[in-house]
Every structure is written in structure tokens, then in C-alpha cells.
1. Here is a list of conditions, (1) of a type in the set (Ser, Thr, Tyr); (2) modelled with pLDDT under 95; (3) assigned to a loop (DSSP other than H, G, I, E, B), and residue 76 meets all of them except one; can you say which number that is?
2. Only one of these conditions is not met by residue 41: (1) assigned to a helix (DSSP H, G or I); (2) of a type outside the set (Lys, Arg); (3) touching a strand residue (DSSP E or B) at 6+ places or on another chain (Cβ under 9 Å); (4) exposed (fewer than 14 other Cβ atoms within 10 Å of the Cβ). Which number is it?
3. Please count how many residues of the range 90-142 are under 17 Å from residue 44 (Cα atoms), assigned to a helix (DSSP H, G or I) and not polar (S, T, N, Q).
Amino acid sequence: MGAPERKLTVEDARQSLSAHVEEKGYQLREKYGAHIGWSELRRILDDRSLVRYQCEIVFDSSGLLDGEFAHPAPNSDRPEDGFKIYVHPYFMTQLENVPQLVLYQLVLVNYGEFASPDDAEIFGAAALGLTREEYYQGICELADELDPCAHGM
């Protein structure tokens with residue numbers, strides 16, 4: 001008799017997803033280069049090898065919670081019908097920062113409720129060639145721009 005089969009745990013599944021997310025981030029970086037600007041982001045959103053469903057960026061805060069910089073919303077009950085990624089209109093004049101914000105949202109588009117904030121950080125950092133801490137700090141700084149209290153106003 002062989003050793004008993006080991007059952008996969010939730011933690012095993014989480015680690016597997018995180019590894020997959022990181023690999024997808026590296027693939028994105030390899031395919032689109034070290035600098036992801038607005039035009040690269042538009043091409044990435046059309047790349048089904050990296051973004052599972054069609055996405056449209058909408059600069060509109062009506063789909064956002066208070067203090068939220070961006071969030072994807074499905075167009076219907078079927079993910080195949082695509083998503084709108086709502087981005088706070090504040091960032092319309094900062095298109096160079098939008099890729100950093102949108103990359104964070106793509107794990108929700110690709111993996112739904114299984115994706116965690118950790119996965120979003122892992123993906124974005126790998127895609128942009130940053131450490132996870134550098135990416136997280138960059139996202140926090142951008143999010144803080146939406147909060148007048150963060151600037152003592």
C-alpha cells in the first residue's frame with residue numbers, strides 16, 4: 001500500500017492561484033515591455049491571453065465606493081459579456097497612472113471572487129517589474145490623492 005493521498009487545502013489553492021497570477025504578470029511584462037503606458041494598456045485589455053474578458057475603461061465614479069480609485073463591474077450576469085472598469089475621473093488627467101490602477105483590477109476580471117488584494121498586488125508588481133511593496137506604495141499614494149484629508153486640506 002502506498003502513502004495515503006494528501007488532500008488539497010484552501011491554502012494550497014490560494015498558493016497555486018498566487019503563483020499563476022504572478023506568472024501572468026511576468027508574461028504581461030515580457031510581452032508589453034517595462035513601461036506600460038496608456039496605449040500599451042489599451043492593447044493589453046484586448047489581449048485574451050492576459051485578460052480573460054473584454055474590458056472597457058470608464059472614467060466615472062458612479063460605479064465606485066467612497067475612496068475607491070477603480071473597480072471592475074460585469075456588463076451582465078455572464079462574464080463573457082465583458083466588464084467596465086470604472087476609474088475615478090480624477091485620473092482622467094493622469095493617464096500615465098491609469099495602467100497601475102487598472103492592473104490591480106484585472107485579477108478580479110480574470111479570477112472573480114477567488115482573487116484577493118494580495119493577488120492584485122502580486123500581479124501588478126510582476127507586470128510592472130516592481131517589488132510588491134513598491135507597487136503597493138504606489139497604489140496607496142494614488143489612492144491618497146482622492147482623499148483631501150490625506151493632504152491636510
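The values are calculated or read from the model by the stated rules, or taken from the named source; none is laboratory data. Predicted model only: the values in this text are computed from it and were never measured. For neighbour counting, all protein chains shown are included, and Cβ atoms are generated from backbone atoms with ideal geometry for every residue, glycine included.
1. That leaves (2) as the condition not met.
2. It is condition (4) that residue 41 fails.
3. The initial filter retains those residues of the range 90-142 that are under 17 Å from residue 44 (Cα atoms), namely 95-111, 120, 123-129.
Checking the rest, the ones that are also assigned to a helix (DSSP H, G or I) come to 98-111, 120, 123-128.
Okay, now just the ones that are also not polar (S, T, N, Q), so 98-99, 101-104, 106-109, 111, 120, 123-128.
Count: 18.
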